[in-house]
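Structure record follows, encoded as structure tokens.
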Amino acid sequence: MAKESKATEMNITRERLAELLNEDLSREYQAIIAYVVYSQVLKGAEYMDIADQLEIHAKQELDHALMISRQIDYLGAMPTVTPKPVKTSDKAKDMLRFDLDNENETIRNYRDRIRQCEVLGEFAMAEQIRKILMQEQDHQIDLATALGIEVPNVNK
Ligand SMILES: [Fe+2]
Ligand SMILES: [Fe+2]
């Protein structure tokens with residue numbers, strides 16, 4: 001279950017933005033690990049297509065991690081080396097559900113981050129994060145489709 005999102009912090013400093021981007025980076029590492037493992041262990045004919053998609057997600061998450069690290073370095077901070085914890089299950093549905101929950105959380109955070117970048121006048125950074133956000137939304141759609149559910153509205 002995704003946790004409730006906090007209200008967007010809008011009186012933000014560059015130092016705080018770097019801290020929040022490090023949280024994003026930890027989520028990107030988590031996503032890389034989850035997609036690397038889940039793409040290989042998902043079994044069953046009905047999950048063949050999504051397993052292939054998860055392999056593509058894994059590579060895109062690595063690109064995101066690189067991009068976020070670059071922004072953290074640009075802000076004068078040190079990129080983290082620690083992923084958020086990755087859940088495991090031997091059930092395909094659970095794995096897809098964990099991925100979807102994480103993508104929802106990631107999308108919520110990047111929407112906040114774009115607003116925060118703009119408050120600080122970091123428009124190019126906001127643009128980079130928008131590109132990442134577009135791919136995260138595609139991931140969310142792929143997972144919701146594989147689970148046979150509606151794409152969750154994370155803007156509640
Ligand atoms: Fe990502
Ligand atoms: Fe993603």
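Since every read-out is calculated from the coordinates, none of them should be taken as a lab result. Just so we're clear, the structure is a prediction, and the values are computed from it rather than from any experiment. All Cβ positions, even for glycine, are placed from backbone atoms using ideal geometry, and neighbour counts span all protein chains on display.
In a simple Cβ point-charge model (Lys, Arg +1; Asp, Glu -1; nothing else charged), the chain has a dipole of about 340 debye relative to its Cα centre.
Give the distance, in whole Å, between the Cα centre of segment 100-156 and the Cα centre of segment 53-92. Taking the Cα centre of segment 53-92 as reference, the centre of segment 100-156 is 14 Å away.
A quarter of the convex hull surface defined by the alpha-carbon atoms of the chain gives 8.6 nm² as the mean projection.
Ordering Tyr110, Ala126, Pro83 by Cα displacement along the dipole of segment 82-128 toward the positive end leaves Pro83 in first place; charges were set at the Cβ atoms of Lys, Arg (+1) and Asp, Glu (-1). Residues Met125, Met67, ranked from the fewest to the most other C-beta atoms within 10 Å, line up as Met67, Met125.
Let me know the volume per residue of the alpha-carbon convex hull for segment 66-156, in Å³. It would help to have the intermediate numbers written out before the result.
Numbers: hull volume 9.7 nm³, N = 91.
Value for segment 66-156: 106 Å³ per residue.
Would you kindly state the longest site-free stretch of the chain, with sites defined as GluC sites (Glu not before Pro) in a DSSP loop (not H, G, I, E, B) surrounded by at most 14 other Cβ atoms within 10 Å? My reading of the result: 10-149 is the longest stretch.
For the chain, how many pairs of lysine residues have a Cα-Cα distance under 24 Å, where the two are 8 or more positions apart or belong to different chains? For the chain, qualifying lysine pairs total 22. In the chain, taking the dipole from charged Cβ atoms about the Cα centre, the farthest positive-side position among Ile32, Leu143, Asn155 is held by Asn155.
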